[in-house]
Amino acid sequence: MEIRGTGSYLPGKIITNDDLSEVVDTNDEWISSRTGICQRHISEGETTSEMAAKAAVAALEDAEVSPEEVELIIVATMTGDEAMPGTACKVQKEIGAVHAACFDLSAACTGFVFALNTANAYLASGMYRNALVIGADMVSKVIDWTDRATCVLFGDGAGAVVLTCTDKKGYRFISHSDGSMGNALMLEHHYDRNLETEQRRLSIEQSASSKVSMDGQAVFRFAVRRVPQVIEEVLCINGLSREEIGCYVLHQANQRIVEAVAKRLKEPLEKFPMNLQNYGNTSSASIPILLNELDQSKRLKTGDRIVMAGFGGGLTWGASIAEWI
Ligand code: COA
């Protein structure tokens, strides 16, 4: 697998920490010192699939791959436009990738890493040659804007990569889950299969107002323990040392989490680029958005070996390795 192109899309409306302090009892000092986040982009009317399609078009242009050549589209999202059709099918229609098999993957903020690992397995099997992997989330529509503990953390956006098969020996990737800790980070549906029809209709309407709930400290402890572990694990199974890694592209949730991971790995913080100050936690989109920025700013050079690692609801976590071309 080779990452042949990257693209991203952020909606135009920006909400700063000061803007949020007018909505909930918070302030810029608290948010920036506890999280590193200064602002986030919020969609005004754009859907998840529209953001995903814009990131996809940018990635295809960067890769110089036509939509007709794409054989697989995976969209990692927990905020798809609707349950059916899948967001990946809507992206297919929007960009004209008529030959692609399309499906969504739900692994919350780890979604992009899981989708990358899934696409890698398809490519390695020889089933497909070109794949589009997209992380897209509009968390603003499932946030409780009266809950200061969560609403300050997230933003909307989409990022995409184009993957192609190569003859070179590939890397092995890692995906992990722990369903027993699912309650730490939730976005509930209120659907009850035993309800009568009218009640069911009402409960489905209610589910549209489901909101993210979180045990912040439990998630923090989980992330700073599991992310360094999975990075060590992915290096070990691929026979690599930390010195052979040019840069770690981590899920962008909290600056303190990234700093803690760097410290536990005994790696310099310079090897952990961050952009969460500008976008907040964009869920499954955070890693491909950061990849695209690193690519465009030429921070990634040909031959650089990078580790991507994510964590999130489920709970889920995982890591992938790529060599920049
Ligand atoms: N503004 C001001 N005060 C806030 C606040 C806000 N936005 N949110 C919470 N507080 C208050 C709390 O009410 C609490 O007040 P109290 O001491 O009077 O009870 C105090 O700040 C400390 O809250 P606490 O939850 O202990 O803060 P924290 O240091 O653990 O930081 C998080 C909170 C959410 C930033 C941190 O736990 C975190 O980042 N967790 C991981 C979350 C995450 O990344 N989730 C997504 C994973 S994909």
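Given the criteria within 17 Å of the chain's Cα centre (by Cα), surrounded by fewer than 22 Cβ atoms within 10 Å (Cβ to Cβ) and within 26 Å of residue 277 (Cβ to Cβ), does residue 29 qualify?
No.
Residues that are away from the ligand (no atom under 16 Å from the Cβ), at pLDDT below 95 and within 24 Å of residue 220 (Cα to Cα): which helices (runs of 4 or more DSSP H) entirely in the stretch 11-64 hold 2 or more of them?
none
Just give me the residues in the stretch 130-150 being under 15 Å from the mean Cα position of the chain (by Cα) and surrounded by fewer than 23 Cβ atoms within 10 Å (Cβ to Cβ), in sequence order.
Residue satisfying the conditions is 140 alone.
Table: residues versus (1) of a type outside the set (Asp, Glu); (2) in contact with a strand residue (DSSP E or B) (Cβ under 8 Å, 6 or more places away or on another chain); (3) surrounded by 19 or more Cβ atoms within 10 Å (Cβ to Cβ).
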{"position": "263", "(1), (2), (3)": "yes, no, no"}
{"position": "266", "(1), (2), (3)": "yes, no, no"}
{"position": "288", "(1), (2), (3)": "yes, yes, yes"}
{"position": "297", "(1), (2), (3)": "yes, no, no"}
{"position": "315", "(1), (2), (3)": "yes, yes, yes"}
{"position": "325", "(1), (2), (3)": "yes, yes, no"}
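Filter the stretch 228-246 down to the residues that are assigned to a helix (DSSP H, G or I) and either more than 16 Å from residue 303 (Cα to Cα) or touching a residue at least 12 places away in the same chain (Cβ under 8 Å) (or both) and list them by number. Don't jump to the end; show me each part of the working.
First, the residues of the stretch 228-246 that are assigned to a helix (DSSP H, G or I): 228-237, 242-244.
Within the stretch 228-246, 228, 229, 230, 231, 232, 233, 234, 235, 236, 237, 242, 244 qualify.
For residue 306, work out the one condition from (1) out of contact with any strand residue (DSSP E or B) (no Cβ under 8 Å at 6 or more places or on another chain); (2) crowded, with 17+ Cβ neighbours inside 10 Å; (3) of a type in the set (Val, Ile, Thr) it doesn't fulfil.
(1)
Residue 20 - would you say it is under 30 Å from residue 259 (Cα atoms) and not β-branched (Val, Ile, Thr)?
yes
When the stretch 143-163 is examined, which residues are found to be over 22 Å from residue 27 (Cα atoms) and of a type in the set (A, V, I, L, M)?
Scanning the stretch 143-163 gives 158, 160, 161, 162, 163.
Which one of the conditions (1) out of contact with any Cys (no Cβ under 9 Å at 6 or more places or on another chain); (2) within 16 Å of the ligand (Cβ to nearest atom) does residue 160 fail to meet, given that it meets all the rest?
Condition (2) is where residue 160 drops out.
Suppose the filter is surrounded by fewer than 15 Cβ atoms within 10 Å (Cβ to Cβ), modelled with pLDDT of 95 or more and within 16 Å of the ligand (Cβ to nearest atom); does residue 218 pass it? Break it down into steps so the answer makes sense when it comes.
Values: surrounded by fewer than 15 Cβ atoms within 10 Å (Cβ to Cβ): yes; modelled with pLDDT of 95 or more: yes; within 16 Å of the ligand (Cβ to nearest atom): yes.
Taking the combined requirement at face value, the residue satisfies it.
Would it be correct to say that residue 153 is within 12 Å of the ligand (Cβ to nearest atom), buried (at least 20 other Cβ atoms within 10 Å of the Cβ) and more than 15 Å from the chain's Cα centre (by Cα)?
no
Please enumerate the residues belonging to the stretch 103-141 that are assigned to a helix (DSSP H, G or I), touching a Ser or Thr at 6+ places or on another chain (Cβ under 6 Å) and among the aliphatic types (A, V, I, L, M).
Within the stretch 103-141, 113, 116, 139 qualify.
Within the stretch 252-266, can you find the residues that are within 15 Å of the ligand (Cβ to nearest atom) and aliphatic (A, V, I, L, M)? First the steps, then the outcome.
Here is the first cut: in the stretch 252-266, the residues within 15 Å of the ligand (Cβ to nearest atom) are 252-261.
Hits for the stretch 252-266 are 253, 257, 258, 260, 261.
Within the bounds of the stretch 267-288, is there any residue that is within 11 Å of the ligand (Cβ to nearest atom), in a loop (DSSP other than H, G, I, E, B), modelled with pLDDT of 95 or more and within 19 Å of the chain's Cα centre (by Cα)?
Of all residues in the stretch 267-288, those within 11 Å of the ligand (Cβ to nearest atom) come to 276, 280-284, 286.
Still in the list and also in a loop (DSSP other than H, G, I, E, B): 280, 282.
Still in the running and modelled with pLDDT of 95 or more: 280, 282.
Applying the additional criterion that residues be within 19 Å of the chain's Cα centre (by Cα) yields 280, 282.
Scanning the stretch 267-288, I find at least one residue that is within 11 Å of the ligand (Cβ to nearest atom), in a loop (DSSP other than H, G, I, E, B), modelled with pLDDT of 95 or more and within 19 Å of the chain's Cα centre (by Cα), so the answer is yes.
Which residues, counting only those in the stretch 221-251, are surrounded by 16 or more Cβ atoms within 10 Å (Cβ to Cβ) and either β-branched (Val, Ile, Thr) or within 12 Å of the ligand (Cβ to nearest atom) (or both)?
222, 223, 224, 226, 227, 230, 231, 234, 245, 249, 250, 251
Starting from the stretch 149-161, take each residue that is more than 30 Å from residue 63 (Cα to Cα) and list its partners that are assigned to a strand (DSSP E or B) and within 8 Å of the ligand (Cβ to nearest atom), counting only C-beta distances under 6 angstrom and pairs at least six apart or across chains.
If the second residue must be assigned to a strand (DSSP E or B) and within 8 Å of the ligand (Cβ to nearest atom), the pairs left are 150/214; 153/281.
If you take the residues of the stretch 163-183 that are within 16 Å of the ligand (Cβ to nearest atom) and among the polar types (S, T, N, Q), which of them is surrounded by the most Cβ atoms within 10 Å (Cβ to Cβ)?
Here the answer is 175.
The values are calculated or read from the model by the stated rules, or taken from the named source; none is laboratory data. Model, not experiment: these values are computed from the prediction. For neighbour counting, all protein chains shown are included, and Cβ atoms are generated from backbone atoms with ideal geometry for every residue, glycine included.
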